[in-house]
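Heads up, the thing below is written out as structure tokens.
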Amino acid sequence: TKYVYDFAEGGRDLKDLLGGKGGNLAEMANLGLPVPPGFTITTDACRAYLRTGREPFGLADEIALHLEGLQRQAGRRLGDPADPLLVSVRSGAKFSMPGMMETILNVGLTDATVGGLAARARDERFAWDSYRRLIQMFGKTVRGMPGEVFEDALREAKTRAGTADDTGLDAAALRGLVQRYKDIFTAHTGEEFPQDAREQLDQAVRAVFDSWNAERAVLYRRQEHIPDSLGTAVNVVAMVFGNLGADSGTGVAFTRDPATGERGVYGDYLANAQGEDVVAGIRNTTPLQELEQRDKASYDELLNIMATLEEHYKDLCDIEFTIERGKLWMLQTRVGKRTAAAAFVIAGHLVDEGIIDLDEALTRVNGSQLAQLMFPAFDLSRGARPVAAGVPASPGAAVGAAVFDAHLAAEADTPVILVRRETNPDDLPGMIAARGILTSHGGKTSHAAVVARGMGKPCVCGADAIDVDLHKRQFTVDGHVVSEGDVISIDGTTGRVYLGQVPVQPSPAVRYFEGTLSPEADPLIRAVDRLLTHADKRRRLAVRANADTAEDAARARRFGAQGIGLCRTEHMFLGDRRTLVERLILARTPEQRDAALAELLPLQRDDFTGLFREMAGLPVTVRLIDPPLHEFLPPLEDLAVRVARAEERGEDPGHDRELLDAVHRMHEENPMLGLRGVRLGLVIPGLFAMQVRAVAEAAAQVPGARAEIMVPLVGAVQELEAVRDEAQRLLREIGVDARIGTMIEVPRAALTAGEIARAADFFSFGTNDLTQMGWGFSRDDVEGAFFTRYLELGIFGVSPFESIDRDGVGRLIRIAVAEGRAARPDLHIGVCGEHGGDPASIRFFHDAGLDYVSCSPFRVPVARLEAGRSAV
Ligand code: ADP
Ligand code: MG
Ligand code: MG
């Protein structure tokens with residue numbers, strides 16, 4: 001195997017092997033852009049190392065060979081005392097994991113080479129500063145030393161020199177600091193700081209491999225559903241220096257605004273600085289545009305390069321660059337992360353600019369982004385006044401208690417906002433748990449901003465009016481003191497910060513779907529409208545909604561639903577109708593039972609009439625009652641207490657006694673596997689008939705009504721036949737035409753779908769129950785009990801109740817589709833479980849050849865988009 005690729009040999013299509021950073025560095029080098037020479041050690045090598053605990057055979061030689069080439073290109077040699085080559089050793093996995101793994105700069109500096117670097121740069125101070133950064137980074141990342149020990153020594157040195165700023169330390173002070181750092185290194189590791197450059201390089205490479213399994217990297221991957229098996233590549237790149245004075249510097253830039261998607265380059269620049277300084281938010285950066293005044297030639301070249309990159313990648317790119325004494329170097333690029341809103345706006349703009357077509361544009365957005373756009377925003381009509389403003393780094397409204405400690409945030413069981421000066425990768429658990437993130441330092445490219453955007457979490461950065469005091473666990477702003485636990489509201493869309501709880505209102509996207517905001521009003525909504533229209537044109541799957549009330553049905557229609565895929569009739573038995581259901585359950589004679597049913601009939605009929613009116617012309621699937629009847633009775637404990645109290649007082653518990661007896665009588669050990677669904681219909685005479693009659697009579701009243709009657713929990717064709725025969729008699733009697741079909745939610749039904757199809761006009765997969773029964777997981781109990789452990793163990797990457805289990809439950813679906821259609825080619829097939837609104841699952845349903853998905857009204861636009869994306 002080949003373990004090392006020169007930049008000239010690589011390219012972005014080799015990302016699996018070279019990682020995103022390595023692939024794109026190679027791509028840029030091959031486009032003729034100014035990239036420092038370097039090479040990439042493959043993810044293969046990393047995987048072999050992680051598997052066996054050591055570098056694979058031959059890797060050391062290959063590195064030596066490529067190092068030879070690198071030295072030739074750079075014109076200097078590693079470890080050469082007169083003119084040493086320095087390199088960075090940089091992690092870079094297939095999927096970007098910002099700041100999660102390690103990078104070590106200035107590798108190659110030793111006591112023997114530091115003088116040579118000083119001479120070449122004609123800058124003594126710079127050389128010692130670079131050396132002390134190496135020891136610090138190396139100690140921390142390669143040898144796992146605590147960062148504080150170095151920071152404390154640095155602080156002491158500054159105090160001794162009477163300066164508050166790193167730049168106030170002169171060469172002599174830094175030289176002293178290097179000695180101090182080396183002593184600290186030895187004290188902690190029991191070894192001298194390595195004085196052999198190649199030894200430094202090898203240890204750094206190993207540390208990058210190891211950083212793949214760092215706790216925060218593992219956590220990030222779980223959050224982002226990145227497989228643990230990929231491993232990282234390692235890039236070895238000749239160093240260039242942004243810390244060589246005022247004509248040097250380093251920066252980060254985007255070819256478009258990653259927050260809004262607006263056109264125009266966007267970035268942060270820091271003069272006289274190295275690498276991490278920009279992202280770490282240590283010093284406040286200046287906007288990229290100021291570089292134009294400082295160094296017009298470099299600025300113009302940078303803009304040209306950004307245009308080249310956009311043309312090449314046909315998308316928003318983000319870049320990292322460094323200017324060394326007026327010479328521009330590109331250190332990284334990739335197709336940049338962006339907010340959900342920016343994704344839509346950019347896709348629309350790229351179509352306008354003729355760079356991509358509408359099909360391609362559909363691949364640039366996704367359903368979870370659209371879902372994010374539908375989150376509510378703050379309602380400011382009641383005059384909430386901001387106390388501070390920062391950078392709107394990741395949009396959305398968040399309300400929660402201020403918390404200053406990431407661990408505390410991670411453990412909170414009420415909504416919290418994580419408040420920090422700035423965040424670092426160790427804060428990740430708290431960032432995941434928090435509703436929103438607020439920092440007083442850093443810009444759109446700071447760690448907090450990048451991570452929050454990746455998670456779709458509201459974030460305000462660099463709100464410098466707030467003064468965070470971590471020790472007192474409070475911040476002060478505008479004369480107010482906000483202590484830990486006080487509620488604040490942050491708006492990541494505008495960057496504003498409010499005290500207390502600001503009420504929230506529907507987002508522009510929802511107002512657009514509701515028809516109260518026209519697409520012309522807003523570039524974002526225009527893009528959403530355009531992409532959804534195209535998705536509708538492309539998709540093969542129809543999209544229906546799960547709705548039980550006329551109100552939900554009306555909303556579903558406004559959101560683009562093409563019918564109702566699931567009306568749960570049991571929802572119509574709640575509230576004051578409960579007493580009627582009680583009477584049905586307690587009936588001792590057929591007369592009593594029929595009387596109860598007769599009272600329920602007109603109520604159900606009215607419900608259906610409302611639904612049919614809203615959905616006139618569109619199909620409405622009514623599911624006959626599904627849950628066990630005792631769910632409609634009061635809880636056993638309540639009844640027992642009431643009866644006991646009454647008896648204590650010497651009173652007759654009467655009705656409560658009857659109910660209690662009924663609850664005892666109907667008790668089941670496994671109610672979800674008990675008397676429910678079709679079983680109820682076959683056991684309780686007249687119940688299903690009443691419902692079918694209500695549907696039929698309602699349909700007869702509403703012109704254009706298209707009723708579909710759906711039988712739940714069928715496992716054998718005989719069950720369905722029994723219900724269907726009676727239903728068909730009723731329909732004929734009333735003179736209404738309706739399709740009769742069944743849910744497929746018991747595994748046996750999927751496996752005998754060929755037989756069941758002969759008695760069914762349609763199938764609808766009830767994927768919640770199918771998952772529950774397919775895996776044998778009680779869906780009401782698993783989440784807390786053991787799913788966390790299962791996710792940790794990687795038994796599945798995401799809960800099968802959230803996203804369809806393709807291999808198991810999905811196989812049942814494929815079998816049922818194939819055998820059902822073989823028996824009955826015109827069989828209409830859909831899905832009505834929660835999975836109908838899940839992006840990944842929708843793709844599966846498209847591939848499996850279903851005719852429609854049905855989901856909650858709010859998910860309908862998401863499903864339309866994803867169904868369209870599945871078809872291009
Ligand atoms: P991350 O993946 O966390 O962004 P990088 O590998 O990109 O880590 O390194 C972080 C920073 O270090 C870069 O943004 C860049 O500024 C600096 N850096 C990396 N390699 C070099 C180099 N060869 N010369 C100068 N600076 C470098
Ligand atoms: Mg980087
Ligand atoms: Mg079910």
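Odds and ends about this structure:
- Where a residue in segment 169-197 is closer than 24 Å to Asp80 by Cβ and in contact (Cβ under 8 Å) with a residue 12 or more places away in the chain and its partner, wherever it lies, is of a type in the set (Val, Ile, Thr) and part of a helix (DSSP H, G or I), with Cβ under 8 Å and at least six apart: Val178/Val114; Val178/Ile135; Tyr181/Ile135; Lys182/Ile135; Phe185/Ile135; Phe193/Ile135; Phe193/Thr186
- Options Arg729, Arg693: the member that is surrounded by fewer than 22 Cβ atoms within 10 Å (Cβ to Cβ), on the phi < 0 side of the Ramachandran plot and without any contact (Cβ under 8 Å) to a residue 12 or more places away in the chain: Arg729
- Only listed residue being under 30 Å from Ala45 (Cβ atoms) and assigned by TED's automatic domain parsing to the domain that holds Gly75, chosen from Ala157, Ala172, Ala197: Ala197
- Residue ID - farthest from ligand 3 (Cβ to nearest atom), chosen from residues in segment 81-101 that are part of a loop (DSSP other than H, G, I, E, B) and under 18 Å from Val240 (Cβ atoms): Asp83
- When Phe39 is tested against (1) of a type outside the set (Gly, Ala, Ser); (2) touching a helix residue (DSSP H, G or I) at 6+ places or on another chain (Cβ under 8 Å); (3) assigned to a loop (DSSP other than H, G, I, E, B); (4) at pLDDT 95 or above, only condition (3) is not met.
- Only a single item in (1) under 38 Å from the mean Cα position of the chain (by Cα); (2) under 27 Å from His312 (Cα atoms) is not met by Cys46, and it is number (2).
- Out of Ile355, Ile305, Ile323, one residue alone is in contact with a Lys or Arg (Cβ under 6 Å, 6 or more places away or on another chain) and either over 30 Å from Leu438 (Cα atoms) or aromatic (Phe, Trp, Tyr) (or both). It is Ile355.
- Strands (runs of 3 or more DSSP E) wholly inside segment 522-634 containing at least 2 residues that are under 19 Å from Ala696 (Cβ atoms) and out of contact with any Ser or Thr (no Cβ under 7 Å at 6 or more places or on another chain): 619-623
- Among (1) over 30 Å from Val450 (Cβ atoms); (2) in contact (Cβ under 8 Å) with a residue 12 or more places away in the chain; (3) hydrophobic (A, V, I, L, M, F, W, C); (4) more than 16 Å from ligand 1 (Cβ to nearest atom) - the single one Ala127 does not satisfy: (4)
- Pick from segment 64-123, criterion within 14 Å of ligand 2 (Cβ to nearest atom) and of a type in the set (D, E, K, R), ranking: modelled with the lowest pLDDT: Glu102
- Gln71 meets all of the listed conditions (1) of a type in the set (S, T, N, Q); (2) over 23 Å from Arg133 (Cβ atoms); (3) part of a helix (DSSP H, G or I) but one, namely (2).
- Residue match in segment 228-237 (condition: over 27 Å from Met28 (Cβ atoms) and not in a strand (DSSP E or B)): yes
- Which numbered condition Arg557 misses (of (1) surrounded by fewer than 20 Cβ atoms within 10 Å (Cβ to Cβ); (2) under 46 Å from the mean Cα position of the chain (by Cα)): (1)
- Here Ile104 fits the description: among the aliphatic types (A, V, I, L, M), in contact (Cβ under 8 Å) with a residue 12 or more places away in the chain, in contact with a Lys or Arg (Cβ under 9 Å, 6 or more places away or on another chain) and buried (at least 18 other Cβ atoms within 10 Å of the Cβ).
- Checklist (1) buried (at least 23 other Cβ atoms within 10 Å of the Cβ); (2) touching a helix residue (DSSP H, G or I) at 6+ places or on another chain (Cβ under 7 Å) applied to Leu270, failing item: (1)
- Of note, Pro415 satisfies the criterion of being at pLDDT 90 or above, under 23 Å from Gly430 (Cα atoms), surrounded by fewer than 23 Cβ atoms within 10 Å (Cβ to Cβ) and not β-branched (Val, Ile, Thr).
- Per-region count, segment 838-872, residues more than 22 Å from the chain's Cα centre (by Cα) and within 15 Å of Gln372 (Cα to Cα): 0
- Given (1) on the phi > 0 side of the Ramachandran plot; (2) crowded, with 18+ Cβ neighbours inside 10 Å, number of the condition Arg221 does not satisfy: (1)
- Selection from segment 80-93 of residues that are out of contact with any strand residue (DSSP E or B) (no Cβ under 8 Å at 6 or more places or on another chain) and either not assigned by TED's automatic domain parsing to the domain that holds Ala214 or not acidic (Asp, Glu) (or both): Pro81, Ala82
- Qualifying residue in segment 347-368 (condition: hydrophobic (A, V, I, L, M, F, W, C), on the phi < 0 side of the Ramachandran plot, over 23 Å from the mean Cα position of the chain (by Cα) and surrounded by 22 or more Cβ atoms within 10 Å (Cβ to Cβ)): no
- Hits in segment 760-800 - residues which are in contact with a Leu (Cβ under 8 Å, 6 or more places away or on another chain) and at pLDDT below 80: Gly797
- Near pairs, Cβ below 8 angstrom, 6+ apart or cross-chain, from segment 769-782 (of a type in the set (Ser, Thr, Tyr)) to any residue that is at pLDDT 95 or above and in a loop (DSSP other than H, G, I, E, B): Thr771/Ile804; Thr771/Asp805
- Residue tally, condition within 12 Å of ligand 1 (Cβ to nearest atom) and either surrounded by fewer than 22 Cβ atoms within 10 Å (Cβ to Cβ) or without any contact (Cβ under 8 Å) to a residue 24 or more places away in the chain (or both), over segment 10-33: 1
- Selection count where residues are more than 28 Å from Thr285 (Cα to Cα), touching a Phe, Trp or Tyr at 6+ places or on another chain (Cβ under 6 Å) and not in a loop (DSSP other than H, G, I, E, B), scope segment 464-503: 0
- Test: residue in segment 777-784 that is touching a helix residue (DSSP H, G or I) at 6+ places or on another chain (Cβ under 7 Å), in the same structural domain as Ile564 (by TED's automatic domain parsing) and in a helix (DSSP H, G or I): no
- Per the listing Leu624, Leu600, Leu611, the residue uniquely under 29 Å from His664 (Cβ atoms), buried (at least 22 other Cβ atoms within 10 Å of the Cβ), away from ligand 2 (no atom under 16 Å from the Cβ) and in contact (Cβ under 8 Å) with a residue 60 or more places away in the chain is Leu624.
- Sole exception among (1) among the hydroxyl-bearing types (Ser, Thr, Tyr); (2) within 39 Å of the chain's Cα centre (by Cα); (3) away from ligand 1 (no atom under 14 Å from the Cβ) for Thr103, by number: (3)
- Wholly enclosed helices (runs of 4 or more DSSP H) of segment 240-317 bearing at least 1 residues of a type in the set (Ser, Thr, Tyr): 296-313
The values are calculated or read from the model by the stated rules, or taken from the named source; none is laboratory data. These numbers were taken from a predicted model, which means no experiment stands behind them. Cβ coordinates were reconstructed from backbone atoms using ideal geometry, including for glycine residues, and neighbour counts include every protein chain displayed.
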